[in-house]
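Have a look at the structure below before the remarks.
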Amino acid sequence: MENLLTGDVLSQLFSANRAVADASTHAMLLEAILDNAIDDSHASTIRPDRCVLLKTTQERSPTDFVIVAAWDCLSEKVPAVGTVYNVQTLPILRFLAGGETVVLRGAADTRLSDLDRVMLAEATNGLLLPLRAGRRWAGALIIGMRSETPFDATRVQYYEALADVSALSLYNISSATQVARVSSLLNSLIEHGHYAQIVTDPNGLITDWSPAAEALYGYPIEHTINKPLSLLAPEADAETVLEQYRTVAREQRTVQQQAKRIAQSGQMLDVLMTLYPVYGRSDTVIGVGEISIDHSDRAPLQDAIQKERDHLEAILEATNDAIIMLDIDRRVVTANIQFENFFGLPRYSLVGRTVDDLLRQVQSKPELPNALYNIFVTLSGDDYGSAAGDLEIEVNSRRILVWYSAPVHAHEGTTLGRLFVFRDATQEREADRMKTDFVSLVSHELRTPLTSLKGFTDLIMDGDAGPLEGPVREYMKIIQFNTDRLISLVNDILDVTRLESGHIDLRRTSVDLTDAAASAVAPMRLIFEGKQQSLVMHIPKGLPLVWVDLSRLIQILTNLISNASKYTPTDGTIRVEARHIVEAADLPASAPPSLKLPMILVSVHDTGMGIAPEHQAQLFTRFYRTPTSVKRQLAGTGLGLSIVKSFVELHGGNIWFESEVDHGSSFYFTLPIAG
Ligand code: ADP
């Protein structure tokens, strides 16, 4: 057969051979096949959609095959391990008798019966490979793909070689004929020319030396025959190498490894090699064969990659966050020590496992919350979205975790998998709570003396303590003004702390907006007069009642109207309007999308200094004041709008604004209709 396997495909086959030979259970063997499956002649690996490993019960003339391992990307379709098939229940098996590979072609393939199609699930292309070790039967391998690309000759040959090694592994025995059979792989390697073949007797004396061995190690054949193989080993390893050869001969098994060799020139080489027993007639071991390829050019690269990996691992281990990453096949690639600490799930039981396995483990621990399960279920199948949130767990101690999850991309943009990071925010939250409690306590304590201060100031100003002479009235006015400011500041701070801790209960009733607006503007009349500003109210009669907490609504209106006055120069106009909005078309253009309708829209317009576009985004942020208002020394704390926004949103409404510098601003908010 023409050898189609070249370059990278052969290298892939070499590592496949290694993984397959290392497998010690059927499941591991299946994994090794899956992990080393290729999708084209460039040897990019791709997991088949379906893979079923069958073992025969009779080695001479098989009629019954039993499933020993199976995988399907739609896992519910996996046939059960232990199920026995024969030509009646899986007619396609009749082709195996010929010992040839059957290339399957999906729906159009007339050789397939309905029973076969059940076994292939929705695979449209695939292979049925006989697993034979010499004259003995090992079983069969079914590979299925749901893609439209048929298996080309290179791929078929690759899988045949893989099947040959798998057959050996399935039996876990070797015989002369099997080695001959495996030679489809080994011959591919040798014929390709880059792979050196050396044969020794059972004691390690060289009996055969291929031209590629000569090219690789530099010794001509006449210098090697009958010499011990230790000739090629670094001096310190000589005895170990010979012992290894003897072990292969004695234990009759195949060994794959990476080793150092010395060429005739004295150059040190890194080689990848397979050692296998060589059998004479009557199945006795007459020697040991070695296939090796030079790996030196890759070794430094691999060292560098390994170093890089070690660095990353060290960083991962040192971080305080719990980190777990899934690959594109939804398998756990890595989980750090914190993950183990936070969730009590040992890493060794996770790494390499599927997300389903992870979910099972999460579920089996009653102390882990459902929320964790949901995070993994929802996001593991999502290739694009990011998400974040909070999570409370109590495994060894109670923890509040702030989590974040996002897909991971390679630099060229392909998705590599998904990362989940969990940060322990317990202390942070605790400190936050203590701060809020403290501020709230202080503000409460300040309120009592302030109330008395205000009461007596008002009394004195009303003349109840006797007539106010000369400048005393002016001084008292200043005291009164600042006491009011202090009270409103303390009230604002109390509101902020209550909003932060979620301790605000709305006492909703049906409210007439006209009354609420009148209550809000009444105490401000003097201010408008002082600044010669005109206040215009446009609240239509018959406007539906709103379903709100009256005192909070007055607070919202007071804040917006007093801002409008404060940030508008003398002679300006403040307009307060309300409208019943039924259709989106009736909304101002600046309204955010998808507002709940119908509702009542309230707006406060002014002809003031406006807000520059670059300062608009931060306007509702706590303590934010525009540089213009700071520069003009207009009194304020920057708390009002953030409180207003929270209250509007608590009522289920929205708030936004439009503004133009030196022309004025319009603040809009929506309120739910009563009933
Ligand atoms: P305060 O008015 O106490 O500073 P607010 O939270 O009510 O705090 O307002 C935050 C900032 O937004 C103000 O400092 C001001 O810069 C700006 N601002 C609010 N309302 C207006 C308005 N109507 N016109 C211009 N700027 C405004």
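The table below gives the values:
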quantity	calculated
Enumeration of residues in the stretch 491-513 that are exposed (fewer than 14 other Cβ atoms within 10 Å of the Cβ), modelled with pLDDT of 90 or more and out of contact with any helix residue (DSSP H, G or I) (no Cβ under 9 Å at 6 or more places or on another chain)	Ser510
Condition met for Pro540 (away from the ligand (no atom under 16 Å from the Cβ), over 18 Å from Lys645 (Cβ atoms) and part of a loop (DSSP other than H, G, I, E, B))	yes
In the stretch 222-261, the residues that are modelled with pLDDT of 90 or more and surrounded by fewer than 16 Cβ atoms within 10 Å (Cβ to Cβ)	Glu222, His223, Ile225, Asn226, Lys227
Qualifying positions in the stretch 204-223 - farther than 21 Å from His295 by Cβ and part of a loop (DSSP other than H, G, I, E, B)	Gly204, Pro220
Breaking point among (1) open to solvent by less than 70 Å² (accessible area, probe 1.4 Å); (2) under 30 Å from Phe456 (Cβ atoms); (3) in contact (Cβ under 8 Å) with a residue 12 or more places away in the chain, for Gly530	(3)
Check on Ile375, under 22 Å from Ser501 (Cβ atoms) and either exposed (fewer than 12 other Cβ atoms within 10 Å of the Cβ) or at pLDDT 90 or above (or both)	no
Exclusive hit being in a loop (DSSP other than H, G, I, E, B) and of a type in the set (Phe, Trp, Tyr), set Phe151, Phe95	Phe151
Residues satisfying the stated conditions in the stretch 536-551, i.e. at negative phi and open to solvent by 40 Å² or more (accessible area, probe 1.4 Å)	Val536, Met537, His538, Pro540, Lys541, Leu545, Trp547, Leu550, Ser551
Top-ranked residue in the stretch 48-87 [being over 19 Å from Val20 (Cα atoms) and among the aliphatic types (A, V, I, L, M); ranked as least open to solvent (accessible area, probe 1.4 Å)]	Val66
Of all residues making up the stretch 401-424, the number that are surrounded by fewer than 17 Cβ atoms within 10 Å (Cβ to Cβ) and of a type in the set (Gly, Ala, Ser)	3
Helices (runs of 4 or more DSSP H) fully within the stretch 586-675 counting 1 or more residues that are open to solvent by 30 Å² or more (accessible area, probe 1.4 Å), within 13 Å of the ligand (Cβ to nearest atom) and under 30 Å from Gly502 (Cα atoms)	613-616, 640-650
Count of the stretch 303-331 residues which are within 24 Å of Ile46 (Cβ to Cβ), surrounded by 13 or more Cβ atoms within 10 Å (Cβ to Cβ) and modelled with pLDDT under 90	5
Unmet criterion (only one of (1) part of a helix (DSSP H, G or I); (2) farther than 25 Å from Gly638 by Cα) for Asp432	(2)
Given (1) within 30 Å of Leu494 (Cα to Cα); (2) within 12 Å of the ligand (Cβ to nearest atom), number of the condition Pro569 does not satisfy	(1)
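The values are calculated or read from the model by the stated rules, or taken from the named source; none is laboratory data. The model shown is predicted, which means the values in this text are computed figures rather than measured ones. So basically every Cβ, Gly included, is an ideal-geometry build from the backbone, and we count neighbours across all protein chains shown. Only protein heavy atoms, including side chains, enter the accessible area calculation; ligands, DNA and RNA are left aside. Shrake-Rupley method; radii C 1.70, N 1.55, O 1.52, S 1.80 Å.
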